[in-house]
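Student: Take a look at this one; I'll ask things after.
The values are calculated or read from the model by the stated rules, or taken from the named source; none is laboratory data. This is a predicted model, so every value here is computed, not measured. When we count neighbours, we look across all protein chains shown, and the Cβ atoms used for this are built from the backbone with ideal geometry, even at glycine. Keep in mind that these areas ignore ligands, DNA and RNA; they rest on the heavy atoms of the full protein, side chains included. Shrake-Rupley method; radii C 1.70, N 1.55, O 1.52, S 1.80 Å.
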Amino acid sequence: MAGSWDGSYDPGSQSDDSHHFERLHIEPLYDAFVCPLTKQVMRDPVTLENGQTFEREAIEKWFKECRESGRRLVCPLTQKELKSADLNPSIALRNTIEEWTTRNEAAQLDMARRSLNMNSSEDDVLLSLRFIQRICLKNRSNKHAVRNADLIPMIVDMLKSSSRKVRCKALETLLAVVEEDEDNKAILAEGDTVRTIVKFLSHEQSKEREEAVSLLYELSKSEALCEKIGSINGAILILVGMTSSKSENISTVEKADKTLENLEKCENNVRQMAENGRLQPLLTQILEGPPETKHSMAAYLGDLVLNNDVKVHVAKTVGESLINIMKSGNMQSREAALKALNQISSFDASSKVLIEAGILPPLVRDLFTVGANQLPMRLKEVSATILSNVVNSGYDVDSIPIGLDHQTLVSEDNVHNLLHLISNTGPPIECKLLQVLVGLTNSPTTVLNVVAAIKSSGATISLVQFIEVPQKDLRMASIKLLQNLSPHMGQELADALRGTVGQLSSLIRVISENTGISEEQAAAAGLLAELPERDVGLTRQMLDEGAFQLIISRVVKIKQGDIRGTRFVTPFLEGLVRVLARVTFVLSDEPVAVALCREHGLAALFVDLLQTNGIDNVQMVSAAALENLSLESKNLTRLPEMPPPGFCATIFPCFSKQAVITGLCRVHRGTCSLKESFCLLEGQAVHKLVALLDHTNAKVVEAALAALSTLLDDGVDIEQGVSVLCEAEGIKPILDVLLKKQTENLRRRAVWVVERLLRNDDIAYEVSGDQNVSTALVDAFHHADYRTRQIAERALKHVDKIPNFSGIFPNMG
């Protein structure tokens, strides 16, 4: 094509291929049309006083240079001095040039049109596109000519070219064609062209992406096209991604950002942006939009899935606005605001922001209001959910006044109102309100207020009854609440469980479910663990229902590793062991309990649990249970039956010989075993208890020491008990416990044990030289309670620190 169009060549024009068509003149190029300075066709010809004609811009620049250099004003052609710098427009010449240009450009456009097809060479197509781009940039009227020549669809077709250069140039050319021309934009947007442009956003070649973004940015300036661009699947998602890309150049990122700003004119686009992580436009609409827009955007916000960091940002940005809509809007608006607040409040940090923004008073008012302005039940459920979220966020809600007379959420009247709602609404709201009470009872600063209100309202029985409901969420909320209440009203709950048919069985059934370990199971075990351990009636009922056998099975499975890896395994095991230990408190009253312990090897299980490292409560409770079992050993050991004396021994006692029975327990003087009589001398129990004496938790140490002290108790062979402790290398650890003085209870127990040890002369002799032990005993003698002072006094006598006057003064009777 280039060879066949060898027309009149303008020797002064640039050599750039983009001027190729401008060098091809259908009509001759007259010299009068060309500026002597620029060597190009003039657009605004002007004439000097000597009759020479130039391009206005060129001659003005010539005059300026003359003045700046201090030279005379001369004509650039004749070099003769000019009297005046006046420029006279050559209107006739300009009109002639324009008519000539129009005829030529029309012909040139037609030539370019014939080249815009897939059969043309890459070079010909590129030449045509460059020409169209140039004339559109040169003159706005040329854009109309391009439109009238139906060139826009033909340029669009070039976007499908296999040549990357052609595709890029087609995008560039389309930008020049549609820039600031609404009609051309409308034609370009017909069919699937916008979709094709959007596809370029995901191309690997950055140049194509850049050109596509620039074109979309220009199209997005037309409000009529914003909706169309947003409707293309993935368009907004890709643009949002480009704005946060580290690999795109700055210009592309800025264009993508400005495109999205333009697309915000359409509400649907704002929703899409929010869905794809660009929330600010939606938040701006909630803050600044008209009421209808505010409400629709709030409703949409409630449907979004937000990550936790975003929830905090949203709460800080529009939390107060949403609360205001919730307080003062119509029912539809309030529903939209509640939906959004429900979404935002599901993260603790964002809930705290909402509390500080004032959500608590209107939320409670909505829940408690009855009558004409009350919320429908479905919205009360949402309000209850939000209240549950904010109360469980860890914020000190007791510091927020929500009613007259500085009442707070835990004021008695408000707790009564919550309890009344719980008793008079459906399961979904009941569940959320129970979760509110769970949150309030999680806090040590508010739990006592709730306990007092529950007691004063007589609501204990009704709360316990929720344990039997079929709805799992509701049942779990009630169990968690009762678990929180149990340390403060354990006996009331025990009475309710014991006196109501079904609730205790339901709790045991929850614990025994063989589906891993759930939060509900851990809470159920924790609830039973907090009930008074010496409530014989409750323990008897649990024995009757086979609860302990189920619990033993679960503990054994956890210890064997059959159940592991869940986040609730530790609280579940702690609860189970505490519940299991309660059976050891009724051994003297319940033969069934003794039989259970023997049958299932409970003493050996508790000895094994002493080594549950890292779970202090399990070790402490296991040691306490072993104390109870060991105290019962002296009653359960089988004392030997002495054979009757022979005939001769009866007549002649001097010939009688004491029978010797071997295999008896040194401490209990009978036949003992860990399984049958719970004797600690078997199963390495003593060694394992001694090992716990250097535990960092004083409560574990106290429990271990209490269990060991049963070997020195009245009714057993104390001297042999001391020997057992010596053999287990327990003497020094026991003395160390006395020296550490961790707690008053521990000192009391340690003084008691040390006094028993010092009854052994060898130990007393060794200890008498230890000034630290003497000092600790003296300190207990001076500062402990009355009974411990008496025991310390006896201990000091054993080491000769206090005179033993009983040996000097005879008993005066």
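Student: State all residues of segment 179-195 that are farther than 14 Å from Cys226 by Cα and in a loop (DSSP other than H, G, I, E, B); if no residue qualifies, say none.
Tutor: Passing the criteria: Glu179, Glu180, Asp181, Gly191, Asp192.
Student: So Gln205 passes all but one of these: (1) open to solvent by less than 60 Å² (accessible area, probe 1.4 Å); (2) over 38 Å from the mean Cα position of the chain (by Cα). Which condition number does it fail?
Tutor: (1)
Student: Given the criterion surrounded by 19 or more Cβ atoms within 10 Å (Cβ to Cβ), touching a Phe, Trp or Tyr at 6+ places or on another chain (Cβ under 7 Å) and closer than 30 Å to Val436 by Cβ, identify the matching residue among Ile344, Ile286, Ile355. Please lay out each step first, then the result.
Tutor: Details: Ile344 fails: touching a Phe, Trp or Tyr at 6+ places or on another chain (Cβ under 7 Å); Ile286 fails: touching a Phe, Trp or Tyr at 6+ places or on another chain (Cβ under 7 Å).
It is Ile355.
Student: Looking at segment 307-357, which of the residues that are within 17 Å of the chain's Cα centre (by Cα) and in a loop (DSSP other than H, G, I, E, B) is nearest to Lys294 (Cα to Cα)?
Tutor: Filtering segment 307-357 for residues that are within 17 Å of the chain's Cα centre (by Cα) and in a loop (DSSP other than H, G, I, E, B), the one nearest to Lys294 (Cα to Cα) comes out as Ser345.
Student: If you check Ala315 against the conditions, is it open to solvent by less than 60 Å² (accessible area, probe 1.4 Å) and either among the aromatic types (Phe, Trp, Tyr) or more than 20 Å from Leu375 (Cα to Cα) (or both)?
Tutor: On the way: open to solvent by less than 60 Å² (accessible area, probe 1.4 Å): yes; either among the aromatic types (Phe, Trp, Tyr) or more than 20 Å from Leu375 (Cα to Cα) (or both): yes.
The answer is yes for Ala315.
Student: In addition: Among the numbered criteria (1) among the hydrophobic types (A, V, I, L, M, F, W, C); (2) surrounded by fewer than 16 Cβ atoms within 10 Å (Cβ to Cβ); (3) within 25 Å of Asn617 (Cα to Cα), which single criterion is violated by Ile517?
Tutor: With (1) among the hydrophobic types (A, V, I, L, M, F, W, C); (2) surrounded by fewer than 16 Cβ atoms within 10 Å (Cβ to Cβ); (3) within 25 Å of Asn617 (Cα to Cα) applied to Ile517, the lone miss is (2).
Student: Take the conditions open to solvent by 30 Å² or more (accessible area, probe 1.4 Å), more than 22 Å from Leu482 (Cβ to Cβ) and of a type outside the set (A, V, I, L, M, F, W, C) and apply them to Gln541. Does it pass?
Tutor: On the way: open to solvent by 30 Å² or more (accessible area, probe 1.4 Å): yes; more than 22 Å from Leu482 (Cβ to Cβ): no; of a type outside the set (A, V, I, L, M, F, W, C): yes.
No, not satisfied.
Student: To continue, here is another question. Hey, does segment 443-464 have a residue that's touching a Lys or Arg at 6+ places or on another chain (Cβ under 7 Å) and either at negative phi or at pLDDT 95 or above (or both)? Let's see the steps before the verdict.
Tutor: In the first step, residues of segment 443-464 are kept if they are touching a Lys or Arg at 6+ places or on another chain (Cβ under 7 Å); the result is none.
No, there is no match, as no residue in segment 443-464 is touching a Lys or Arg at 6+ places or on another chain (Cβ under 7 Å) and either at negative phi or at pLDDT 95 or above (or both).
Student: Restricting to segment 322-353, count the residues that are among the hydroxyl-bearing types (Ser, Thr, Tyr) and without any contact (Cβ under 8 Å) to a residue 24 or more places away in the chain. Spell out how you get there, then give the answer.
Tutor: Applying the first criterion (among the hydroxyl-bearing types (Ser, Thr, Tyr)) to segment 322-353 yields 328, 333, 345-346, 350-351.
Subset that is without any contact (Cβ under 8 Å) to a residue 24 or more places away in the chain: 328.
Here the count works out to 1.
Student: Which of (1) on the phi < 0 side of the Ramachandran plot; (2) open to solvent by 10 Å² or more (accessible area, probe 1.4 Å); (3) touching a helix residue (DSSP H, G or I) at 6+ places or on another chain (Cβ under 9 Å) does Gly614 not meet, given it meets every other one?
Tutor: Going through the list (1) on the phi < 0 side of the Ramachandran plot; (2) open to solvent by 10 Å² or more (accessible area, probe 1.4 Å); (3) touching a helix residue (DSSP H, G or I) at 6+ places or on another chain (Cβ under 9 Å), Gly614 breaks only (1).
Student: Please work out which one of (1) open to solvent by 60 Å² or more (accessible area, probe 1.4 Å); (2) part of a loop (DSSP other than H, G, I, E, B) is the condition Asn772 fails and give its number.
Tutor: (2)
Student: In the list Ala85, Ala92, which residue meets the criterion of being part of a loop (DSSP other than H, G, I, E, B), open to solvent by 20 Å² or more (accessible area, probe 1.4 Å), among the small types (Gly, Ala, Ser) and modelled with pLDDT of 85 or more? Give the steps one after another, and end with the answer.
Tutor: On the way: Ala92 fails: part of a loop (DSSP other than H, G, I, E, B).
Being part of a loop (DSSP other than H, G, I, E, B), open to solvent by 20 Å² or more (accessible area, probe 1.4 Å), among the small types (Gly, Ala, Ser) and modelled with pLDDT of 85 or more holds for just one of Ala85, Ala92, which is Ala85.
Student: Name the residue, out of Glu533, Glu520, that is acidic (Asp, Glu), touching a residue at least 12 places away in the same chain (Cβ under 8 Å) and assigned to a helix (DSSP H, G or I). Step through it out loud before you land on a result.
Tutor: Details: Glu533 fails: assigned to a helix (DSSP H, G or I).
Unique residue meeting the criteria: Glu520.
Student: Do you know which residues across segment 473-513 are of a type in the set (Val, Ile, Thr) and either open to solvent by less than 20 Å² (accessible area, probe 1.4 Å) or within 29 Å of the chain's Cα centre (by Cα) (or both)? Lay out the reasoning, then the answer.
Tutor: Residues of segment 473-513 that are of a type in the set (Val, Ile, Thr), as a first pass: 479, 500-501, 508, 510-511.
Answer for segment 473-513, where residues must be of a type in the set (Val, Ile, Thr) and either open to solvent by less than 20 Å² (accessible area, probe 1.4 Å) or within 29 Å of the chain's Cα centre (by Cα) (or both): Ile479, Ile508, Val510, Ile511.
Student: Determine the pairs where a residue that is open to solvent by less than 30 Å² (accessible area, probe 1.4 Å), located within segment 168-179, has a partner that is among the acidic types (Asp, Glu) with Cβ atoms under 8 Å apart, the partner being 6 or more residues away or on another chain.
Tutor: Short answer, once both residue conditions are applied: Cys168/Glu208; Cys168/Glu211; Leu171/Glu208; Leu171/Glu211; Val178/Glu218.
Student: Check segment 719-726 and report whether any residue there is open to solvent by 10 Å² or more (accessible area, probe 1.4 Å), acidic (Asp, Glu) and either at pLDDT 95 or above or outside any loop (DSSP other than H, G, I, E, B) (or both).
Tutor: yes
Student: Just the residues that are open to solvent by 70 Å² or more (accessible area, probe 1.4 Å) and in contact with a helix residue (DSSP H, G or I) (Cβ under 8 Å, 6 or more places away or on another chain), please, taken from segment 392-406.
Tutor: Pro401
Student: Still on this structure, please answer the following. Would you confirm whether or not segment 362-371 contains a residue that is out of contact with any helix residue (DSSP H, G or I) (no Cβ under 8 Å at 6 or more places or on another chain) and polar (S, T, N, Q)? Walk me through how you get there before you give the answer.
Tutor: Initial filter on segment 362-371 (out of contact with any helix residue (DSSP H, G or I) (no Cβ under 8 Å at 6 or more places or on another chain)): 365, 369-371.
Next, only the ones that are polar (S, T, N, Q) stay: 369.
Yes, segment 362-371 has at least one match.
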